[in-house]
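Working notes, structure below.
Here, each number is a calculation from the coordinates, and none is a lab measurement. Treat the numbers as computed from the prediction; the structure is a model and nothing was measured. Virtual Cβ from ideal backbone geometry, glycine too; neighbours counted across all protein chains shown.
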Amino acid sequence: MINIGILGCGRIGQVHGATLSGMINARAAAVADAMPEAAAALAAVTGAKVMDADAMINDPGIDAVIIGTPTTTHYDLIHAAAAAGKAIFCEKPIDLSVARIHDCLTVVEKAGVPFMTAFNRRFDPNFAYLQGQIEAQVIGNVELVTILSRDPAPPPIGYIKTSGGIFRDMMIHDLDMARFLLGEEPVELTATASCLVDPEIGQAGDFDTAVVTLKTASGKLCQISNSRRATYGYDQRIEAHGSTGMLRADNMLENTVELSNGQGMRKSPTQPFFLERYAAAYRAEMAHFVAALESGATVTPTGEDGLKAQILADAADAAARDGQAKPLPV
């Protein structure tokens, strides 16, 4: 039995707590949160004990920690967990600073502990199948990948001001997915962005609508479009065009029932937001993490994947602000 401590008992901590409650080879052994009531609530549904973060990290009975706290706390928690020899499952982003991410990965490597960056969309059954079909050359050589990601509504302005912006808190998932699907590292990035949804977002120094294009050394292209507004629900689609065909993963709907009558044909709306849309992905990523700890296999996505996604996000933000294409490290 793998004993896991959950650092952060908010929305994502609750997701992981529920997943662990349904597993037979791992459990939520302890929870910690700066808000005592949040920790108590998650402990009540998981059977975990409430601890403070330092005590949890240094408890020899805890095998691994899930870091689901605010991004600004990740750096110190990663350092402490690595020093204590704990396996680490860290929500994205690892940190908003590339230099600090390098520091984190250095201490993790020195400690020799498993480290997983939680890019859950790689574990979505449809996206994972699409990637597998690309790898199997079902559509020949990939030439153009299109990723669309649109939230039903923007987050609170308070979140916007601390999140690092649309490229670092929202598109970072799609930037990681671009690397996952292209099979090559991008070498050039262009970006453009606007504030069309909420003027307060612009006043906070951010964008709410953005488009990025990535190019690999062999010429493969990826187009990513993000919006903080989709009046029809949570929009998550991928298309991969290749030399002999095309693959497409469409939105997940609330149900598959379609109405046809004299007014036309009507489908059900998309699932409302990420908790519902990516429920299976959250379960699959945790199952992967636990299985890797049991077998000694390498976890993925790695810390290096988290670093590379952050580099792309920083480049996208810079390109959107100055209008200049950005060469990327390879």
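To make sure I understand, if each residue's beta carbon is the centre and we count other beta carbons within 10 Å, what order do His241, His74 fall in, fewest to most?
With the sparsest Cβ surroundings first, the list reads His241, His74.
With labels modelled as points extended 7 Å from the Cα through the Cβ direction, what inter-label distance (nm, one decimal) is found for Asp54 paired with Ile157?
So the label points at Asp54 and Ile157 sit 3.8 nm apart.
When the chain is fully extended, how far beyond the present Cα-Cα distance does His241 get from Arg229, taking 0.36 nm per residue of separation?
Result: 1.7 nm gained on full extension.
Going 7 Å from the Cα of Ala34 toward and past its Cβ, which residues in the stretch 156-172 have a backbone nitrogen under 18 Å from where you end up?
Under cut-off, by backbone N: 156-165.
Which loop trypsin sites (Lys or Arg not before Pro) in the stretch 195-275, with loop taken from DSSP, have no more than 15 other Cβ atoms within 10 angstrom of their Cβ?
Hits after loop and neighbour filter: Arg229.
Give me the one-decimal nm value for the distance between modelled label points at Asp322 and Ser194, 7 Å along each residue's Cα-to-Cβ direction.
About 2.4 nm separates the two model spin labels.
So what's the Cα pair-distance distribution over the stretch 2-113, bin width 10 Å, in %?
Computed distribution, short to long bins: 16, 49, 29, 5.
Which residues among the stretch 233-273 fall inside the zone where the amide N is under 19 Å from a point 7 Å beyond the Cα of Glu184, along Cα→Cβ?
Correct set: 239-247.
Specify which residue in the list Gly5, Thr302, Ala280 is farthest towards the positive end of the charge dipole of the chain, using unit charges on the beta carbon of Lys, Arg (+1) and Asp, Glu (-1), about the Cα centre.
The listed residue farthest towards the positive side: Ala280.
Report, in debye and to the nearest 20, how large the dipole of the stretch 181-231 comes out about its Cα centre when Lys and Arg carry +1 and Asp and Glu carry -1 on their Cβ.
In debye, rounded to 20, the stretch 181-231 gives about 180.
Using a simple charge model, +1 on the beta-carbon of Lys and Arg, -1 on the beta-carbon of Asp and Glu, nothing else, what dipole does the stretch 2-113 show about its Cα centre, in debye to the nearest 20?
Value, rounded to 20: 260 debye.
Any idea how far the Cα center of the stretch 170-221 sits from the one of the stretch 24-99, in Å?
If we compute the Cα centre of each part, the gap is 30 Å.
Scan around Val187 for amide H atoms under 5 Å from its own, H built in the peptide plane at 1.01 Å from N, and keep only partners 5 or more places away or cross-chain.
Those lying under 5 Å, H to H, from Val187 are Lys215, Thr216, Ala217.
Assuming R0 = 22 Å, can you tell me the calculated FRET efficiency for the pair Ser295 and Ile24, based on Cβ-Cβ distance, to the nearest 0.05?
Approximately 0.90, to the nearest 0.05.
Give the separation of the Cα centroids, the stretch 229-305 to the stretch 112-151, in Å.
So the two Cα centres are separated by 10 Å.
Which FRET efficiency, nearest 0.05, do Thr72 and Arg266 yield, Cβ-Cβ r, R0 51 Å?
Here the calculated transfer efficiency is 0.70.
Please report, in debye to the nearest 20, how large the charge dipole of the chain is about its Cα centre when each Lys and Arg carries +1 at its beta carbon and each Asp and Glu carries -1 there.
Its charge dipole is roughly 460 debye.
Over its Cα atoms, what ratio of radius of gyration to 2.2 N^0.38 Å does the stretch 1-67 give?
Rounded to two decimals, the normalised Rg is 0.94.
Which value at 222 nm does the chain reach when only helices count, each DSSP H run of 4 or more adding -39,500 (n - 2.57), with the total divided by all residues and rounded to the nearest 500 deg cm²/dmol?
Rounded to the nearest 500, it is -12000 deg cm²/dmol.
Which lysines have a Cα lying under 20 Å from the Cα of Lys86, excluding residues fewer than 8 positions away in the same chain?
Lys49, Lys110
Relative contact order for the stretch 2-113: what is it in percent, counting Cα pairs under 8 Å that are at least 6 residues apart?
Result for the stretch 2-113 is 25 percent.
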